[in-house]
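Only one structure is covered here, and it is reproduced in the block below.
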Amino acid sequence: MAQLYTKTKLYLEANSKTWDDTKVSLQNDGAGDYIKTFTYDGLAKPTAEQLASYETAANAAETNAGIDATRRTEYLSWQQQMEMVYKDQKNGTTTFKDHCDKVRSDNPKG
């Protein structure tokens, strides 16, 4: 199940708004997350049904965020990447491209 934050963020984006901590806040008093404040001009606080309609998209966004985090780790530091690029250009090899292809194939997005 997707987090309330993700579904609320998608609702805002679908209505040409961006997340702003001064206009929306989430809270959990032990009975689950809920929207505590929502003060966007021209946009009503989303209903439970409206938020539920973003469940599939939010699940995909959260899954892809996890994949992106894994990829960032596996791509190595920018210094290591630049070293691969330099050696590839010097030696006519494709080490950097091959490395990136492997990271992507090991961590595919849906």
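The values are calculated or read from the model by the stated rules, or taken from the named source; none is laboratory data. Since this is a predicted model, take the numbers as computed values, not measurements. So basically every Cβ, Gly included, is an ideal-geometry build from the backbone, and we count neighbours across all protein chains shown.
Summary of computed values
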item: In segment 15-43, the residues that are under 22 Å from Thr56 (Cα atoms) and free of Cβ contacts under 8 Å to residues at least 12 places away in the same chain; result: Ser16, Thr18, Trp19, Gly32
item: Residue satisfying all of: in segment 72-110; within 26 Å of Ala60 (Cβ to Cβ) and small (Gly, Ala, Ser); nearest to the chain's Cα centre (by Cα) among these; result: Gly110
item: Qualifying positions in segment 53-91 - over 17 Å from Leu10 (Cβ atoms) and of a type in the set (D, E, K, R); result: Arg71, Arg72, Glu74, Glu83, Lys87, Asp88, Lys90
item: Residues of segment 53-110 classified as among the small types (Gly, Ala, Ser), in a helix (DSSP H, G or I) and without any contact (Cβ under 8 Å) to a residue 40 or more places away in the chain, total; result: 4
item: Selected residue (only one of Ala48, Ala31 is under 24 Å from Ala2 (Cα atoms), exposed (fewer than 11 other Cβ atoms within 10 Å of the Cβ) and at pLDDT below 95); result: Ala31
item: Residues located in segment 39-52, provided they are of a type in the set (Gly, Ala, Ser) and either farther than 21 Å from Lys23 by Cβ or not in a helix (DSSP H, G or I) (or both); result: Gly42, Ala44, Ala52
